[in-house]
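One structure follows; several queries about it will come next.
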Amino acid sequence: MARRKKGRDVHGWLVVDKPAGLTSNAVVNKVRWAFDAKKAGHAGTLDPDATGVLAIALGEATKTVPYVTDAMKAYRFTVRFGQATNTDDAEGEVIAESDARPSDDEITAALAPLTGDIMQVPPKFSAVKIDGERAYKRARDGEDIEIAARPLFVEALSLVERPDADHAVLEMTCGKGGYVRAIARDLGEALGCHGHVETLRRIWSGPFLAEEGVSLERVEELAKTDEIDALLMPLSEGLTSLPELKCTHEGATRLRHGNPGMVIASDVEYGDEAWASLDGEPVAVGVYKAGELHPSRVFNL
């Protein structure tokens, strides 16, 4: 007999304004404990020293994680010129130095080739798998590893502030799988002065904004209380990238049993992915075909 998971059936999204110094998984575990939730996961890892939007899904909302993970994200970060590190951030060991410092115009010009559809080589200290093993584990063991370049779409990359000659504050909007540390590294190389990320903040991720984020202190303050559920956003927040279709009670019953159900459609075409709702509550995600939604994910609310 399978062991039953401990915890509550609680469903929804929590946007945490992640503090520096904690891994994303540590924050997820803290949130799951605070809500006494059976199930929790996040939609996109942040480095331990990074801050900002960490979108955490609880319960059935975990089924919508892919739609947030695949969405565009924006970052604000500080590049430190004159030093390259083995981790491409301030936590790493300095492996190269330069006295050269770029002008603002040189930085702006160097950002153009890093924008659009690019090929990016992830940092050696990253979670990318090489022959089934995480790159950072092999890098820690001193292996001289090579990571293949991966496609990345960078919608925007701009210089927003220049505090001093050693630093530049940039903002980037990109698709899934982008490494800000790699952008800083490649920018430094292009400018001939080396560079690494000194500070990093995710300012939005898909539908979630940093200003909507809850502090971890607030989560801990309300842990295991009746008031904590008020912090949650609806499960449907994770589906904003998909069109919503209304379904009948009969259609909802069929969808909940994994069968195609009748929906009312207006702006969708045959073969489009969409989600169905009944009285505002999500029922299923699937593919629209000739008046019916063919479910791929069903919500057990």
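The values are calculated or read from the model by the stated rules, or taken from the named source; none is laboratory data. What you see is a predicted model; the values in this text were computed from it and never measured. Here the Cβ positions follow ideal geometry from the backbone for every residue, glycine too, while neighbour counts run over all protein chains shown. The accessibility values were calculated without ligands, DNA or RNA, using every heavy atom of the protein model including side chains. Shrake-Rupley method; radii C 1.70, N 1.55, O 1.52, S 1.80 Å.
Find the accessible area per residue for the chain; the probe is 1.4 Å, ligands and nucleic acids are left out, and the unit is Å².
Roughly 50 Å² per residue, with all protein chains present.
Same structure again: Angle, helix 24-35 long axis vs. longest principal axis of the chain, Cα atoms, 0 to 90°, nearest 10?
30 degrees
The list [x] 19.9, 62; [y] 20.7, 66; [z] 21.9, 71 gives values of Rg and Dmax of the Cα atoms in Å, and only one came from this structure; which label was calculated from it?
It is the one labelled [z].
May I ask which of Lys18/Lys224; Lys6/Lys129; Lys63/Lys176; Lys30/Lys63; Lys73/Lys289; Lys18/Lys39 have a Cα-Cα span longer than 28 Å here?
Exceeds cut-off: Lys6/Lys129; Lys73/Lys289.
Can you compute 3J(HN,Hα) from phi for each residue in the stretch 79-94, using the Karplus curve 6.51 cos²θ - 1.76 cosθ + 1.60 with θ = phi - 60°, rounded to whole Hz and x for Gly and Pro?
9, 9, 7, x, 9, 9, 10, 6, 9, 6, 9, 6, 7, x, 7, 5
Further, regarding this structure: Near Ile203, within a Cβ-to-Cβ distance under 10 Å, what is the net charge of the other residues, with Lys and Arg +1 and Asp and Glu -1?
That sum, taken over residues with Cβ under 10 Å, equals +2.
What's the local net charge at Val169, with K and R +1, D and E -1, over the other residues with C-beta under 9 Å away?
My count for the surroundings of Val169 gives 0.
Continuing with this model, one more query. How large, in Å, is the stretch 70-121 by the Kirkwood hydrodynamic radius built from its alpha-carbon pairs?
13.5 Å
Ok, one more. Just order 279-287, 48-56 by mean Cβ neighbour count inside 10 Å, highest at the front, would you?
48-56, 279-287
Pop out the carbon and sulfur fraction of the accessible area of the chain as a percent, whole number, probe 1.4 Å.
Using a 1.4 Å probe with all protein chains present, the chain comes out at 47 percent carbon and sulfur.
Compute the long axis of helix 180-191 from its Cα atoms, compare it with the longest principal axis of the Cα atoms of the chain, and write down the angle in degrees, 0 to 90, nearest 10.
Between helix and principal axis, roughly 30 degrees.
Could you work out the pair-distance distribution P(r) of the stretch 146-301 from its alpha-carbon pairs, with 5 angstrom bin width and percents rounded to whole numbers?
It works out to 2, 7, 13, 12, 10, 10, 12, 12, 10, 6, 4, 2, 0, 0, in whole percents.
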